[in-house]
Amino acid sequence: MADILSVPLKKTSEIDLVKPLKNLIALRFSTADNPENFNDAISEMNKLRSLACVRALDKNESSIEINARYCDQLAALEGKIPPQDVQIPFKWKDAFDKGSLFSGKMSLTISSFSYERMCCLFNLAAFQSQVAAVQSQESDEGLKLAAKLLQSASGIFTYLKTNVMGALQQEPTPDLNPEVLGTLSSLMLAEAQEIFVIKAINDKMKEAIIAKLASQCDEFYAETLKQMKQPATTSVWERDWNSKVAGKQLAYHAIAQYYQSRVCNSRKAVGEEIARLQDAIENFKASQQRTSDITIYQDYLNKAQKALAEAQKDNDFIYHERVPDVKNLDPVGKAPLAKTLAIPERLGASFKDLFEGLTPVAVHQAMAAWDVRKMEIINVEVGRMREANQMLNGVLASLNLPAALEESAGESLPQSLKDKARAVRQSGGIDILKELIGNLPSLLERNKEILDEAERLLTEERQSDDQLKSQFKERWSRTPSIKLTEAFTSNIAKYRQILANASNADNVVKGKFESHRRGIELLSREEGQLETAVPSASQSAADNSRSPAAAQLRLLMNQVNDLKSEREVLEHELKNATTDMKHVFLGALSQDGAINEPAMSVEKLGQIYGPLQKRIRESIEFQASLIQQIQTLNEDFVKDKSGGKGPSAREELLKELATSHDIHMEVQNNLQEGAKFYNDLTQLLLTFQSKISDFCFARKAEKEELLKDLTSSFANHGSSTAPPTEVPGYHTAQAAREVPARPPPPNFGGATAAAAPPPTNSAPGAPLATSAPPVNPHMTPGQGGANPYLPYPMQPYGGMPMPYGYPSGAPPNYDYANQAQYPQQQQPQQGAPGYPGYNNAYQQYPYYNPAYPYAPPRPY
């Protein structure tokens with residue numbers, strides 16, 4: 001029988017998985033309370049990749065198991081780490097491309113575990129075909145293993161055909177084109193059917209069964225040949241593949257006719273026997289001619305010729321049957337034993353997940369969505385209570401309550417005002433507000449500078465890529481930077497909008513502080529100084545504080561205090577209500593294979609926060625009626641106190657001081673939350689910037705490798721086919737015979753030197769002149785000082801960076817060459833803090849909830 005066609009392997013190179021995976025797990029999965037340590041697992045996976053993808057393996061089942069284990073590990077890890085979080089540049093070369101004179105083998109680099117898994121699955125199927133090809137066709141064990149491997153390879157290629165475009169999200173190399181993968185699947189299926197034909201012949205099965213098996217093999221090869229001749233795939237294949245597949249198709253058609261002729265012989269259908277034998281002989285010869293091998297299938301050809309001679313002799317002397325046209329005969333039946341095997345959930349026989357302790361992506365997504373829903377409820381309800389408190393405080397301040405109820409004759413201050421002044425002083429007074437406000441510009445500027453540096457890195461990388469693209473034209477085949485940096489650019493714009501909104505919120509808070517600066521300053525003084533600044537109370541005001549209306553107002557003031565205390569308790573319960581949803585989601589994923597997060601979250605949130613929301617609604621409704629009662633009683637109280645006169649200067653000042661106390665507390669709370677926001681955002685931006693710097697470093701390494709390939713191809717081309725150059729006249733024989741004229745006296749001016757052309761590589765075989773690579777004056781290689789564009793310490797692989805300054809007083813040098821690869825990208829929506837307490841001042845400040853923008857990986 002003919003040899004089995006085996007698929008060539010895709011080639012890759014060594015990649016360090018240790019550093020990027022350690023950094024990613026430390027940033028994404030570890031916390032101070034629950035550190036994750038997968039160092040041994042990461043090292044083991046790095047060794048597994050090197051063994052499965054880089055080293056040459058023996059063609060046996062043990063080597064297949066190594067490839068299958070790595071594919072399984074990638075699938076398991078892909079289900080736990082979002083593909084875009086691990087930006088390791090995986091470079092794979094096309095399996096069929098042999099390279100050209102001007103460039104090396106076609107390759108594609110994508111930073112995605114999905115791409116790595118697709119390439120490894122391709123190699124697994126290709127390796128299975130290679131192991132099948134070396135099996136002995138004389139033993140049952142070899143034939144069974146070959147059939148099993150070829151059917152499995154067909155299933156893997158079918159899986160790749162369906163899923164590769166979704167995994168790559170860009171144009172693949174030709175070997176991963178869905179039409180090419182479909183053809184390979186068809187070829188593997190045809191070869192598996194061929195193995196079953198060989199097994200049936202070796203086992204001496206009935207001729208009718210062998211004929212049907214061979215007829216099915218003929219059909220499978222015919223379909224494969226049809227797919228190979230498609231315009232999208234015809235240029236991919238090895239040079240002799242078309243002729244070999246065509247030769248096999250003709251041969252198995254002939255084998256089916258030969259064995260069917262033996263069936264006719266047993267039924268004494270001599271005329272049909274002769275027709276089938278003639279067709280078999282014709283196709284055997286055509287197969288030999290197509291494959292340019294006159295020895296292939298020669299034994300079958302000899303048998304068919306011998307059987308034809310005997311049949312014709314019997315027919316001439318005994319039967320005298322008419323020989324029908326073979327086209328009018330019934331086609332040989334078919335028996336498709338070979339099947340495309342569906343890819344199993346686990347490819348390896350003994351797979352153990354090295355990262356079993358990591359939380360799956362589906363649970364991460366569910367937890368992120370849960371946090372969004374929970375924080376939305378908390379922010380809305382806390383905002384409603386704080387807004388209600390502000391309204392209540394505003395009403396009471398406008399009525400000078402409860403200070404008006406505590407009036408006494410002389411210069412003594414109301415007790416409520418003394419308490420408010422004491423609270424202001426204890427919180428730091430006006431000085432703490434000035435300090436917090438003074439810190440905001442530097443915090444804002446720090447984040448802007450980090451964002452500017454990240455944008456500068458992207459701009460420089462894009463400009464370098466554009467320059468090389470314009471220089472090398474179509475030979476610069478890597479993906480343009482502008483396509484790869486769309487997400488980065490979009491996130492930079494989102495971060496800038498966040499900073500703009502924060503700056504507007506800062507201005508609102510500053511304005512509120514300035515409008516109440518006088519009152520806050522008075523409250524910040526010692527009690528004696530404050531009493532001096534407040535006008536004295538009259539005796540009538542002191543007497544009026546003991547009127548019936550005043551007594552009822554005091555009762556209502558007690559209810560106000562109780563209402564505020566209740567809301568403090570409600571806010572604490574809202575913020576501290578917790579439940580372990582991680583185990584709930586893990587249980588659902590284990591039991592059902594999926595997580596119905598919306599239904600589960602809504603149900604659990606209703607159980608936790610429903611009663612609290614009901615109490616908050618009742619509190620706000622009670623406040624409305626309470627304010628109405630206070631305003632009605634205060635009208636009677638004011639009439640009794642002033643006898644129809646307007647408010648005194650003392651009353652106006654007491655109202656202002658009461659309002660200033662509330663504004664002081666609100667502004668201080670807002671400023672503290674603002675400072676926390678900026679510091680938290682700094683950490684997010686530093687992680688984002690380190691992600692960009694690692695991307696630029698990976699692109700730089702890819703650029704240097706591509707430049708090396710191009711330079712090598714140019715050097716090889718130049719040594720054999722250097723472009724023709726014009727021979728200078730002084731090298732000709734005529735010039736040698738002529739006597740040169742006397743040279744002119746030397747000219748020491750600058751014109752001649754300036755006009756001299758630059759040296760060129762005119763000699764054949766000389767290397768092409770190349771310009772020096774562009775030098776960034778701001779980042780000298782090996783620069784020892786601080787980078788002027790990095791004002792903050794960068795520690796992308798040592799935990800979260802320090803946001804408040806440098807231990808040594810100056811930022812360390814940012815050595816890009818030593819950066820580890822690709823920590824996770826932090827989207828602006830992921831984890832950015834909000835301002836639940838900025839109800840009036842920060843109205844334009846959006847709360848950026850965490851979200852996972854990626855889709856879950858496709859399972860096998």
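Is it true that V197 is over 25 Å from P331 (Cβ atoms) and buried (at least 17 other Cβ atoms within 10 Å of the Cβ)? For V197, the condition - over 25 Å from P331 (Cβ atoms) and buried (at least 17 other Cβ atoms within 10 Å of the Cβ) - is not met. Scanning region 136-162 for residues that are among the polar types (S, T, N, Q) and crowded, with 20+ Cβ neighbours inside 10 Å gives Q151, S152, S154, T158. The condition (being touching a Phe, Trp or Tyr at 6+ places or on another chain (Cβ under 7 Å), closer than 24 Å to Q390 by Cα and buried (at least 18 other Cβ atoms within 10 Å of the Cβ)) is satisfied by just one residue among A454, A502: A502. Out of curiosity, is S660 within 30 Å of N501 (Cβ to Cβ), out of contact with any Cys (no Cβ under 8 Å at 6 or more places or on another chain) and of a type in the set (G, A, S)? For S660, the condition - within 30 Å of N501 (Cβ to Cβ), out of contact with any Cys (no Cβ under 8 Å at 6 or more places or on another chain) and of a type in the set (G, A, S) - is met. Answer yes if at least one residue in region 236-257 is outside any loop (DSSP other than H, G, I, E, B), more than 27 Å from A307 (Cβ to Cβ) and small (G, A, S), and no otherwise. Yes - at least one qualifying residue is present in region 236-257.
What do you reckon, is K641 under 41 Å from the mean Cα position of the chain (by Cα), at pLDDT below 90 and either crowded, with 23+ Cβ neighbours inside 10 Å or assigned to a helix (DSSP H, G or I) (or both)? No. Scanning region 678-701 for residues that are over 13 Å from Y495 (Cβ atoms) and aromatic (F, W, Y) yields a total of 2. Filtering region 479-490 down to residues that are in contact with a helix residue (DSSP H, G or I) (Cβ under 7 Å, 6 or more places away or on another chain) and surrounded by 18 or more Cβ atoms within 10 Å (Cβ to Cβ), which residue is nearest to A675 (Cα to Cα)? Result: F488. Just a yes or no: is a residue in region 245-252 at pLDDT 90 or above and farther than 25 Å from M205 by Cβ? There is at least one residue in region 245-252 that is at pLDDT 90 or above and farther than 25 Å from M205 by Cβ. Considering region 676-700 alone, what residues qualify as being of a type outside the set (F, W, Y) and under 16 Å from E445 (Cα atoms)? Across region 676-700, the qualifying residues are K676, N679, D680, L681, T682, Q683, L684, L685, L686, Q689.
Residue by residue, here is whether (1) surrounded by fewer than 21 Cβ atoms within 10 Å (Cβ to Cβ); (2) farther than 17 Å from L168 by Cα; (3) without any contact (Cβ under 8 Å) to a residue 40 or more places away in the chain holds:
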{"residue": "V54", "(1), (2), (3)": "yes, yes, no"}
{"residue": "N60", "(1), (2), (3)": "yes, yes, no"}
{"residue": "I64", "(1), (2), (3)": "no, yes, no"}
{"residue": "N67", "(1), (2), (3)": "no, yes, no"}
{"residue": "I81", "(1), (2), (3)": "no, no, no"}
{"residue": "V86", "(1), (2), (3)": "no, no, no"}
{"residue": "W92", "(1), (2), (3)": "no, no, no"}
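Checking each residue in region 269-316 for being of a type outside the set (D, E), outside any helix (DSSP H, G or I) and surrounded by 13 or more Cβ atoms within 10 Å (Cβ to Cβ) picks out A269, I296, Y297.
Within region 204-241, being among the small types (G, A, S) and under 19 Å from T173 (Cα atoms) holds for A232, S235. Note on region 284-318: residues that are among the hydroxyl-bearing types (S, T, Y) and under 26 Å from A269 (Cα atoms) amount to 2. Taken over region 319-358, the residue count meeting the criterion of being among the β-branched types (V, I, T) and under 28 Å from T162 (Cβ atoms) is 2.
Against the list (1) buried (at least 18 other Cβ atoms within 10 Å of the Cβ); (2) outside any helix (DSSP H, G or I), the condition V363 fails is (2). Does at least one position in region 446-455 carry a residue that is closer than 16 Å to K703 by Cα, charged (D, E, K, R) and not assigned by TED's automatic domain parsing to the domain that holds M106? Checked region 446-455: no residue is closer than 16 Å to K703 by Cα, charged (D, E, K, R) and not assigned by TED's automatic domain parsing to the domain that holds M106. Can we say K226 is surrounded by fewer than 20 Cβ atoms within 10 Å (Cβ to Cβ) and more than 27 Å from K98 (Cβ to Cβ)? No: the conditions fail for K226.
Residue by residue, here is whether (1) of a type in the set (A, V, I, L, M); (2) farther than 30 Å from A397 by Cα holds:
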residue: E652; (1), (2): no, no
residue: A658; (1), (2): yes, no
residue: E666; (1), (2): no, no
residue: L671; (1), (2): yes, no
residue: L681; (1), (2): yes, yes
residue: L686; (1), (2): yes, yes
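The set of residues in region 618-640 that are farther than 14 Å from N393 by Cα and of a type in the set (V, I, T) comprises T632, V638.
For region 349-358, filtering for residues that are crowded, with 19+ Cβ neighbours inside 10 Å and in contact with a helix residue (DSSP H, G or I) (Cβ under 7 Å, 6 or more places away or on another chain) leaves 2.
Only one of S412, S416, S398 is over 30 Å from F697 (Cβ atoms), surrounded by 16 or more Cβ atoms within 10 Å (Cβ to Cβ), at pLDDT below 90 and polar (S, T, N, Q); which? Unique residue meeting the criteria: S416.
The values are calculated or read from the model by the stated rules, or taken from the named source; none is laboratory data. It should be emphasised that the depicted structure is a prediction, and the values quoted were computed from it without experimental measurement. Cβ sites come from the backbone with ideal geometry, for glycine too, and all protein chains shown count toward neighbours.
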